[in-house]
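Shown next, in structure tokens, is the structure this report addresses.
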Amino acid sequence: MRHTAKAVIGANYGDEGKGLMTDYHIAPAGKDGIVVRFNGGAQAGHTVTTPGGLRHVFSHFGSGTMAGAATYLSRHFVCHPSLFLKEADVLAAAGVALPPVFVDERAPVSTLYDILLNQVVERHRGAGRHGSCGMGFGETIERNLDPAFALSVGDLRQGSGYLLNRLAAIRADYVPRRLAALGIPMLDSQAAEWLASDEALQRYVHAAMTFRRATQCARPEVLKDSAQVVFEGAQGLLLDQDRGAFPYVTRSHTGIRNALDVAGEAGIGTLDITYVTRAYLTRHGAGPLAGELPGKPYPGIEDRTNVPNEFQGRLRFAHLDLDVLERTIRADFADAAACPGIAATLSLAVGCLDQVGPAVTYVEDGEAKTAAPAALADRLAGRLDARALYAAWGPCRETVAKSVLASPDATAASADPAIV
């Protein structure tokens with residue numbers, strides 16, 4: 001068994017700094033490392049800035065790509081051929097040599113019709129939108145529940161003829177049925193034209209076949225060949241399909257659960273889990289945000305990734321509630337404690353400490369308090385009994401300061417479920 005792999009989990013509503021911490025953890029291994037995307041899909045937006053200043057927002061490739069690490073798309077990751085190729089082109093244009101991309105043949109595949117359905121239904125909801133990115137992730141999960149219309153990476157290996165037939169059935173039979181179930185009587189002219197377009201269908205088939213050739217099918221055992229494995233989570237714990245505030249959630253387990261599944265298949269025996277948060281709270285998209293502020297809580301906040309868009313609006317802000325954060329992280333870490341055959345350790349990363357000025361406001365025991373940024377990070381790490389604390393004072397790996405706080409032998413096996 002591999003001694004240790006690492007995992008990076010967002011502790012809030014996403015946008016916590018998972019790209020930065022994935023890059024930090026994998027960089028020492030470089031081309032001998034591999035990053036595992038174990039949930040979500042191409043709707044992720046994980047920003048990495050290299051020490052040399054090159055910046056990229058990762059969606060389909062792992063956030064270790066610019067460090068030279070390979071990517072493994074697990075069976076829990078939703079693949080999007082067109083967006084994969086678009087991102088590959090952007091990286092190549094920036095001079096990034098693309099490492100290998102491995103993909104589990106069981107991974108579901110998004111189609112152009114999933115995107116169409118997603119955007120149509122979100123627009124139809126009007127003021128009651130759920131906060132979707134409009135990229136078809138949830139609709140892909142829904143369609144794949146029906147074997148007659150499911151599509152996986154393994155299916156792409158059967159060739160373009162098979163894919164054309166499957167897409168034709170989805171367009172003719174599944175889409176009308178799904179629209180009826182959603183209570184949408186008809187499409188507007190633009191959406192109807194897109195649905196009927198054979199040209200769009202052919203472009204998608206070409207992209208899917210190119211994606212198939214650009215990736216290598218592999219099961220989790222391929223992880224054994226790498227010097228370092230980092231599991232890169234998407235979204236955040238408060239968006240988990242079972243633990244978030246329904247319906248403002250994603251169709252995914254956003255915590256450690258899927259990573260434990262893949263690690264078990266790969267024969268990994270120990271996971272060092274880094275839970276990531278900013279020094280303040282953000283949410284991009286609809287849904288509850290306790291203590292929401294009218295704007296940025298600190299003038300130094302800069303976010304070039306989460307720009308306003310049609311489906312998610314603007315980035316929203318609140319102060320961190322340490323009680324909520326601790327409960328959320330401990331509940332997820334308890335899943336690791338209950339997993340047979342895998343030991344786990346808990347670490348914490350706090351980012352954007354450079355953006356909050358000399359004092360940061362947070363909530364504890366229902367009261368607003370202030371502290372120096374470093375003191376806030378120390379306070380939260382202490383509450384969690386974290387093994388290590390990573391304090392990020394900038395956007396790249398060189399700005400991360402690590403402090404070892406507890407014995408590396410402290411594992412999830414000793415966690416007390418009563419405090420979850």
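Rule-based calculations on the coordinates, nothing more; no lab input. Computed from a prediction, not measured in an experiment: that's the story for all the values here. Cβ sites come from the backbone with ideal geometry, for glycine too, and all protein chains shown count toward neighbours.
Per-structure values
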quantity: Segment 112-216, dipole about Cα centre (Lys/Arg Cβ +1, Asp/Glu Cβ -1), debye to the nearest 20; calculated: 220 debye
quantity: Fewest-first ranking of SER152, SER252, SER226, using other Cβ atoms within 10 Å as the exposure measure; calculated: SER152, SER226, SER252
quantity: Candidates ALA107, ALA169, ALA349, ranked by Gaussian network fluctuation over the chain, Cα under 10 Å, top entry; calculated: ALA169
quantity: Counting DSSP beta bridges with both ends in the chain, the antiparallel % (nearest 5); calculated: 35 percent
quantity: Number of Lys pairs (Cα under 28 Å; 8 or more positions apart or on different chains) in the chain; calculated: 17
quantity: Separation between Cα centres of segment 1-36 and segment 175-251, rounded to whole Å; calculated: 22 Å
quantity: Isotropically averaged projected area of segment 294-388, using the convex hull of Cα atoms (one quarter of hull area), nm²; calculated: 8.2 nm²
quantity: Separation in nanometres of the label points that stand 7 Å from Cα toward Cβ, at ASP198 and THR210; calculated: 2.2 nm
quantity: Within the chain, helix-based [θ] at 222 nm, where runs of 4 or more DSSP H residues each add -39,500 (n - 2.57), nearest 500; calculated: -9000 deg cm²/dmol
quantity: Net length gained if the chain between ARG106 and SER403 were fully extended (0.36 nm per residue, minus Cα distance); calculated: 103.0 nm
quantity: Spin-label proximity, ALA94 to segment 2-27 - amide N less than 16 Å from point 7 Å beyond Cα toward beta carbon; calculated: 17-24, 27
quantity: Most mobile listed residue (MET21, MET186, MET135) in the chain, GNM with C-alpha springs under 10 Å; calculated: MET186
quantity: Placed amide H near VAL36: partners under 5 Å, 5+ positions off or other chain; calculated: TYR72, VAL230, PHE231, GLU232
quantity: Of [x] 42, 35, 19; [y] 60, 35, 25; [z] 35, 25, 20, the label for semi-axes √(5λ) of the Cα gyration tensor in Å derived from the coordinates; calculated: [z]
quantity: Rg/Rh for segment 1-156, where both radii come from Cα atoms and Rh is the Kirkwood radius; calculated: 0.99
quantity: Order of TYR13, TYR280 under a 10 Å beta carbon neighbour criterion, fewest first; calculated: TYR280, TYR13
quantity: Nitroxide proxy distance, nm - points 7 Å out along Cα→Cβ at ILE184 and ALA148; calculated: 2.0 nm
quantity: Amide hydrogen neighbours beyond the local backbone of LEU320, cut-off 5 Å, H modeled; calculated: LEU281, VAL363
quantity: Residue with peak Gaussian network fluctuation, the chain [Cα springs, cutoff 10 Å], from ALA336, ALA29, ALA371; calculated: ALA371
quantity: Cα-Cα P(r), segment 112-216, percent of pairs per 5 Å interval; calculated: 2, 11, 22, 25, 20, 11, 6, 2, 0
quantity: Ranked LYS18, LYS224, LYS86, criterion: other C-beta atoms within 10 Å, fewest first; calculated: LYS224, LYS86, LYS18
